[in-house]
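Worksheet: one structure, shown below.
Bear in mind these aren't lab numbers, they're just calculated from the coordinates by the rules spelled out. Everything quoted here is computed from the prediction, not taken from an experiment. With ideal geometry, Cβ positions are generated from the backbone for all residues, glycine too; neighbour counts draw on all protein chains shown.
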Amino acid sequence: MKESGGRLFFETAKNITARHFTLDDGSLVIDFRTVIETPSNTGAPSEPPDPAPVATEGLAIPKTIQPVAIGTPHLDLYWKTETVLTPDAPPPPSPEIRDRSPAPATPAPPNPQVAEIEENLTREIGRAASQGLIAVDPTQSAAPLQRDEAKSKAGPPPQPPPDPIAPQDHIAYRLTTAVDRDQLQMSHDIYTKTGETCPPEGYFDIAAWADDRPALDQIGEARRRLLGEFDIPDQTWVIALARIYIAFGFGVEARALLADLAEPAPNVAALLFLAAVLDEDRAAASMPLARMTDCESAVALWALLGASPPPEKGAVNFSAVTRSYAALPPDLRQVLGPKLVSKLIAIGASDVAQSVRMALARVSIDDEAALDVVDARLSHEAGSEEAAPALEKLSQRNAPEGVEALLLLVDEQLADRQTVPPAQVEQALALAFELSGAPEAPALVRAAALGYASQHKFDAAFDTLAAWPQSVEPLMRAETHEKVLTMLLEQPDDALFLRLYFSQREGILKSPPGKPVRTALANRLIELGMADTATEILKTSRDFTQSDKLIFARAALVALDPAAALAHLGGVDGIEAEKLRGDALSRLGLHDGARSAYLRAGEDDKARAEAWHQGDWNTLRHGGDAVEKNFIEAFDTQRNIGGGDDPGPIRAARSLLAASKEERKALQDMLDRLGKSGADE
């Protein structure tokens, strides 16, 4: 019962006693026990005394700390120490209970050793953080990491080796040792050279995503479990079905499924990247995973396949690429083998391509189509004479490898500056029409346009490019257009060049080529006297370089505007600029400045010519050649032609005759130098 004053009394039977103790969380435990009576020599009263309050009188009971957690089956530990009853001991204070919750126990003073340990640990953690050995991840959840359970019935894939610096348990710390830091054993495996974190190996473990059952059975099972209660997509089976699609090469289906039902997550982004690479979608090149070619995991293989343009050779982890390719299912090795070899050859890794060829040969026992394409590529790269016949034979196949072989054959003929046969051009156009919308279609249109250009059928080549939609592979289209214009520049027939240029002038100005081709076109137009047309194509550029200003100056001189040429040459240095500046100054009659410009350009002949125009005989007397010096000496007005101080008439006449002969000879030598004869004069 409870009385006023906050006291609580319990009424018990005879021979019942009680003891109490407080737990760590402040809970009060009262233990009622039966006490065995002992015989008394003085005699006991006939009536037992009235029951007394058990919690406050006649008991000296020490406070006991709970030895185990509440709810564990070890209550026998509560009675580990028996309490001795002392009737004369003062009663302990009664606990104050409020709202059925006992007051919390007074905390014990901290142990000095614990405080010292905490201080040392804090100091060591600070030192390690300052040295870069500990990285705190504030976004890491405190809950233990959950493993992905989207596994097929074939069982979970083999787990990769434990990450030595992955977060352990629930502590958001990433730790390593000073030895690992100094030896750089971990950085290459986990981070790229640019500091990006490589994704886990499980994101690309395609071999574990499908079993030996038929594809229809696996896809059907995953589709049946795709939606849960209330038609809510089960994310576990959404991921599982997308992985099955990718394992069988169905990239379009995987992307459609993930776009409709998947929730954003890192593993979903990895699946979208894999699907884009399988479909040869150029969108894969703009995804972040396409930059991770130097990771020590399977992402290096897929990043190399999806990168466009191909990365530098030093940025690719070839060991990870070959290892991941060898671990792919046989069907995917057949599909990706030729593409991977092309990428490796493009970055100059033919030796690695040979190892990929060996991995492909192990699964090409029944179907050697992909292996034939790889062999043809390697032979072509090695410059073997057997490459062209092998490619031509493969190009006749009505199969995907036939398309690959045709494209290789056309590229080889163009690289050797050969004429592409008309049959191959027509075949490329037919396949482009048949495969319209496929990834190979733009490459086939490119082969047809360049094939026409190699046959000097530039009208057909430009017509083929005009039918190429602007939105389809714009980079490849621009590269093909520049290549056709380059082949047009190589035409020696000026009339053909001008006719074709002006027929395509509107398209060229609308989609101007790159700087090298644009400069070459402008230079040839200037040589043909088309200064205005040359400046027109140059003005399609937003920023003018020094080479552009030189072409503008040349065009102005062709247009008989030397003042404009000098304006274009303002701030431009170099030998070519000084030559053009000398030409412009000479036409303006500023021969002294022109002579100085020619001298800076190393044009001594033109500098002497400017001295003649200016009448600078002193310069010619000292700096001219033998013919010029002789001419100046022969016609010098200060020359004494007489026979002495007081020559006679005969001696004077002879001196005049000798001087006349010298003058005629000096004049004749000068005329011969200028390309004119005395008779013409």
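At-a-glance table
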| read-out | value |
| --- | --- |
| Residue-count net charge about residue 373 - beta-carbon cut-off 9 Å; Lys, Arg +1, Asp, Glu -1 | -3 |
| Cross-link pairs beyond the 25 Å C-alpha cut-off, checked among 549/579; 539/579; 457/539 | 457/539 |
| Gyration tensor (alpha-carbon) shape descriptor, segment 337-391, a/c threshold 1.5 | oblate |
| Lys, Arg +1 and Asp, Glu -1 on Cβ, resulting dipole of segment 340-479 about Cα centre, debye, nearest 20 | 280 debye |
| Protection proxy ranking, peptides 446-455, 477-486, 252-261, average beta carbon neighbours within 10 Å, highest first | 446-455, 477-486, 252-261 |
| Cleavage-rule hits, trypsin sites (Lys or Arg not before Pro), segment 507-555, DSSP coil, Cβ neighbours within 10 Å at most 10 | 542 |
| Other-chain or far-sequence residues with amide H under 5 Å of residue 16's (modelled H) | 35 |
| Extended-chain gain in nm, criterion 0.36 nm per residue less alpha-carbon gap, residue 491 and residue 423 | 22.1 nm |
| Cα-based shape type of segment 377-420, given that a ≥ b ≥ c are square roots of the gyration tensor eigenvalues and the cut on a/c is 1.5 | oblate |
| Whole-Hz ³J(HN,Hα) from phi, Karplus 6.51 cos²θ - 1.76 cosθ + 1.60, for segment 208-224, glycine and proline x | 8, 8, 9, 10, 7, 6, x, 4, 4, 5, 5, 5, x, 4, 5, 5, 5 |
| Residues listed by number, segment 337-377, amide nitrogen under 13 Å from residue 386 label point at 7 Å toward C-beta | 372, 375-377 |
| Residue order, fewest to most beta carbons within 10 Å, for 302, 612 | 612, 302 |
| Residue-span extension gain [residue 362 to residue 503] - 0.36 nm each, minus C-alpha spacing | 45.3 nm |
| Cα shape, segment 470-565, gyration tensor, a/c 1.5 rule | oblate |
| At R0 = 41 Å, FRET efficiency that the Cβ-Cβ distance of residue 35 and residue 111 yields, to 0.05 | 0.60 |
| For segment 323-330, 3J(HN,Hα) per residue [Karplus equation, 6.51 cos²θ - 1.76 cosθ + 1.60, θ = phi - 60°, Hz, x = Gly/Pro] | 5, 6, 5, 5, 8, 6, x, x |
| Sequence-distant residues sharing a close amide H with residue 294 (under 5 Å, placed H) | 317 |
